[in-house]
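Report on the structure given below.
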Amino acid sequence: TNTPALFGLATDEELGADYDGDGDFEPGVSRTDAQGFKQIYILTQSGTTEQRQWGLNGDVLKTGHFDSDDKADLVAIRSQLGNLTWYINKSTGSSEVFNWGLPAGVLAAGESPADVPFIGHFDSDNIHDALVARTADGIITWFVRGSTAGARAGVAFGLLNDKPLPPADIDGNGI
């Protein structure tokens, strides 16, 4: 049976994922504290709340699997110095930083106000990859930064008024 869990505040951002690697979803939320840091609150399977800190006010927070241990890694995506900078806090204790995508104010007239970041599997190595969707000239182009193969050529899919949706494994092949 599914039982609803009340967790978080109305102003929190949803950030649920499998944080402990057991294959089950744990509810999670993020909120910015008085100092401008993102606080992440996770409702564990035992009913306790775990707190983590990752990111700053204005960052886009996401989760993914970047170290192949099946535990959710925290990702803060920040617009800085003409790039989208991805800060990954891996559950194994290491971190990774890279630039992928362009923020608002960098793209030319007629293009989207900023790249839209996503995370997904694109190269079958069981490690998530970074993805951005960019609208230009009435077409959405998707750019993948693979964990193994690196950057790939953009793939055009979608029209001007379409809304880019997060990638999903529609055919069940794990990619």
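For the range 42-92, which positions are acidic (Asp, Glu) and within 12 Å of the chain's Cα centre (by Cα)?
Scanning the range 42-92 gives Asp59, Asp73.
Checking the structure you have, find out if any residue of the range 103-116 is in contact with a strand residue (DSSP E or B) (Cβ under 8 Å, 6 or more places away or on another chain) and free of Cβ contacts under 8 Å to residues at least 24 places away in the same chain.
No, the range 103-116 contains no residue that is in contact with a strand residue (DSSP E or B) (Cβ under 8 Å, 6 or more places away or on another chain) and free of Cβ contacts under 8 Å to residues at least 24 places away in the same chain.
Which condition from (1) small (Gly, Ala, Ser); (2) buried (at least 18 other Cβ atoms within 10 Å of the Cβ); (3) within 30 Å of Ala156 (Cβ to Cβ) is the one that Gly82 breaks?
For Gly82, the exception is condition (2).
Test Gly55 against the criterion of being in contact (Cβ under 8 Å) with a residue 60 or more places away in the chain and surrounded by 12 or more Cβ atoms within 10 Å (Cβ to Cβ), and give yes or no.
Working: in contact (Cβ under 8 Å) with a residue 60 or more places away in the chain: no; surrounded by 12 or more Cβ atoms within 10 Å (Cβ to Cβ): yes.
When the stated conditions are applied, Gly55 does not pass them.
Within the range 16-26, identify whether any single residue is open to solvent by less than 60 Å² (accessible area, probe 1.4 Å), in a strand (DSSP E or B) and within 18 Å of Phe118 (Cα to Cα), and answer yes or no.
Yes, the range 16-26 contains a residue that is open to solvent by less than 60 Å² (accessible area, probe 1.4 Å), in a strand (DSSP E or B) and within 18 Å of Phe118 (Cα to Cα).
Can you pull out the residues in the range 137-173 that are among the hydrophobic types (A, V, I, L, M, F, W, C), touching a residue at least 24 places away in the same chain (Cβ under 8 Å) and surrounded by 16 or more Cβ atoms within 10 Å (Cβ to Cβ)?
Those that are among the hydrophobic types (A, V, I, L, M, F, W, C), touching a residue at least 24 places away in the same chain (Cβ under 8 Å) and surrounded by 16 or more Cβ atoms within 10 Å (Cβ to Cβ): Ile140, Phe143.
When Val75 is evaluated against the numbered criteria (1) of a type in the set (A, V, I, L, M); (2) open to solvent by 60 Å² or more (accessible area, probe 1.4 Å); (3) under 24 Å from Ala114 (Cβ atoms), which criterion, by number, is the only one it fails?
Result: Val75 fails condition (2) only.
Looking at (1) touching a Phe, Trp or Tyr at 6+ places or on another chain (Cβ under 9 Å); (2) farther than 26 Å from Pro164 by Cα; (3) assigned to a loop (DSSP other than H, G, I, E, B), which is the one condition that is false for Gly101?
That leaves (2) as the condition not met.
Being at pLDDT below 85 and under 13 Å from the mean Cα position of the chain (by Cα) is the filter here, so list the residues in the range 122-145 that pass it.
Once the filter is applied, which keeps residues that are at pLDDT below 85 and under 13 Å from the mean Cα position of the chain (by Cα), the range 122-145 yields nothing.
The values are calculated or read from the model by the stated rules, or taken from the named source; none is laboratory data. Values in this document were obtained by computation on a predicted structure and should not be read as measured data. Here Cβ is always computed from backbone atoms with ideal geometry, including for glycine, and neighbour counts include all displayed protein chains. The area values use the complete protein model at the heavy-atom level, side chains included, leaving out ligands, DNA and RNA. Shrake-Rupley method; radii C 1.70, N 1.55, O 1.52, S 1.80 Å.
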